[in-house]
Amino acid sequence: MADGEVRCWAVVVADQRVSRRGPDKVPEALHALAPLSDGFRLGFERTAGDEIQALSADPTAVIGAVTMLLRLGDWHIGVGVGEVEMPLPDTTRAARGPAYLAARQAIGRAAATAPRLVGGAGTQDARALGEAQTILALAAALVLRRSTAGWQVIDLVDAGLTQTQAAERLGISPQAVGQRLRAAHHREAAAGLDLATARLAEAMGVSVGPSTVAP
């Protein structure tokens, strides 16, 4: 789809928490988000201080990026939904429009434990966006509780390995794999993230397939 045919965009903004008292986490975040770059029209980059930003018309990519930022654990996360001025510039720092204004509001309201979604002019379904916000907050609470051991198993299972294969790879029993998945609320978080993606898609006036987000 050509840029001019997109009715609604999403701007993802993340601001490092307590950045003045710790190391710069921007390079780590940009590296972690790089595999998702195909889903973004204007990719993630540092925009100011310890803040990063990107633009997408793909709800799956947006929720995937939010999930990765939650996993990293160092970020306030905001998503602004709406129109963007055309033609698009080469970088997200130079882009403008209601979606960017909404993103600034979203990051201003974001809490350490819950991303914020804010709609601007061009949002196709405000009610769906509100539902996406609620569902994403619940899923985020599950994601943030995961341990390193839980993520090890989830990464392998989401890559297509069976629980038995994951157990062999990690040198643990299949029962231990199942225990880690349950402790990480893998199934519940996956369902929540898929539902948040579907509601965000409604808010943006696009469609997505089922089971699209790997939490």
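The values are calculated or read from the model by the stated rules, or taken from the named source; none is laboratory data. Predicted model, so just to flag it, every value in this text is computed and none were measured. Cβ coordinates were reconstructed from backbone atoms using ideal geometry, including for glycine residues, and neighbour counts include every protein chain displayed.
Here are the numbers:
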quantity	calculated
Residue in segment 170-184 that is charged (D, E, K, R), touching a residue at least 40 places away in the same chain (Cβ under 8 Å) and assigned to a helix (DSSP H, G or I) present	no
Residues satisfying the stated conditions in segment 1-30, i.e. closer than 22 Å to residue 93 by Cβ and of a type in the set (A, V, I, L, M)	6, 10, 11, 12, 13, 14, 26, 29, 30
Answer residue from segment 116-137, given it is surrounded by fewer than 19 Cβ atoms within 10 Å (Cβ to Cβ) and touching a strand residue (DSSP E or B) at 6+ places or on another chain (Cβ under 9 Å) and is farthest from residue 57 (Cα to Cα) among those	137
Failed condition for residue 45, given (1) of a type outside the set (Val, Ile, Thr); (2) within 21 Å of residue 8 (Cβ to Cβ); (3) not in a helix (DSSP H, G or I)	(2)
Number of positions in segment 15-42 that are loosely packed, with under 13 Cβ neighbours inside 10 Å and either part of a loop (DSSP other than H, G, I, E, B) or at pLDDT below 95 (or both)	6
Options 109, 169; residue that is at pLDDT 95 or above and either within 21 Å of the chain's Cα centre (by Cα) or not hydrophobic (A, V, I, L, M, F, W, C) (or both)	169
Count - residues of segment 74-122 that are under 20 Å from residue 204 (Cβ atoms), among the β-branched types (Val, Ile, Thr) and not in a helix (DSSP H, G or I)	5
Candidates 197, 162 - the one that is in contact (Cβ under 8 Å) with a residue 12 or more places away in the chain and hydroxyl-bearing (Ser, Thr, Tyr)	197
Number of the exception - residue 12 against (1) in contact with a Lys or Arg (Cβ under 8 Å, 6 or more places away or on another chain); (2) closer than 22 Å to residue 142 by Cβ; (3) not in a helix (DSSP H, G or I); (4) not small (Gly, Ala, Ser)	(1)
Residue within segment 16-30 that is of a type in the set (A, V, I, L, M), under 22 Å from residue 140 (Cβ atoms), touching a Leu at 6+ places or on another chain (Cβ under 8 Å) and in contact (Cβ under 8 Å) with a residue 12 or more places away in the chain present	yes
The lone exception for residue 146 - which of (1) under 18 Å from residue 192 (Cα atoms); (2) assigned to a helix (DSSP H, G or I) it fails	(2)
Tabulated pairs, segment 75-90, first small (Gly, Ala, Ser), second assigned to a strand (DSSP E or B), C-beta under 6 angstrom, 6+ apart or interchain	78/13; 78/116; 80/11; 80/118
Which numbered condition residue 100 fails, given (1) of a type outside the set (D, E, K, R); (2) surrounded by fewer than 19 Cβ atoms within 10 Å (Cβ to Cβ); (3) more than 17 Å from residue 191 (Cα to Cα)	(2)
Failed condition for residue 151, given (1) out of contact with any strand residue (DSSP E or B) (no Cβ under 6 Å at 6 or more places or on another chain); (2) over 17 Å from residue 16 (Cβ atoms); (3) in contact (Cβ under 8 Å) with a residue 40 or more places away in the chain; (4) buried (at least 21 other Cβ atoms within 10 Å of the Cβ)	(4)
